[in-house]
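So the structure is just underneath, and the comments pick up after that.
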Amino acid sequence: MKISTTPGRGVLYVSEVRQRKYKSPLQAAWAAAIIKRDKCCQFCGSTEKLTAHHIIPLHIDRKKALDLDNGITLCNSEKKCHFLIGHLGSWFNFNPHIKEMCSQTKKAN
């Protein structure tokens, strides 16, 4: 799937409102593509307050900024999966094993 900020066939388009949250239009399109692909929080299954989370943070590897394999959808709902699972309870941390944790949670349910 191509990521773009202009409407077109076979291209994910992101509205202006959604783009304002991100530093670049391509980053907004990346986030929309991750959420569209996953459809819900990959840890708890919530569909509320979804956010696209970089598995490997940009300050570690900037080249993965738009890599769809480096993204996962987590929620910012009352369960706080983005903070607790994606950042292990501290905004200074990241969880490189998040995909494995999410798949284990899905198997258990």
Exercise. Where in the range 15-109 are there GluC sites (Glu not before Pro) that are in a DSSP coil and have at most 12 other Cβ atoms within 10 angstrom of their Cβ?
Worked result: Glu48, Glu78
Problem set entry | Proxy reagent accessibility, fewest Cβ within 10 Å first, across Cys102, Cys81 | Cys102, Cys81
Problem set entry | For the range 16-95, size of Cβ-based charge dipole, Lys and Arg +1, Asp and Glu -1, in debye | 200 debye
For this session: For each pair in Lys23/Lys107; Lys64/Lys107; Lys23/Lys106; Lys64/Lys106; Lys39/Lys99; Lys64/Lys99, compute the distance between the two Cα atoms and list the pairs where it is over 24 Å.
Result: Lys23/Lys107; Lys64/Lys107; Lys23/Lys106; Lys64/Lys106
Problem set entry | Under the Karplus curve 6.51 cos²θ - 1.76 cosθ + 1.60, θ = phi - 60°, whole-Hz ³J(HN,Hα) for the range 24-37, x wherever Gly or Pro sits | 9, x, 5, 5, 5, 5, 4, 4, 5, 5, 5, 5, 5, 5
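Readers should treat all values here as calculations from the given coordinates under stated rules, not as data from a laboratory. As the structure is a prediction and not an experimental result, all values here were calculated from the model. FYI the Cβ positions are ideal-geometry reconstructions off the backbone, even for glycines, and counts take in every protein chain you see.
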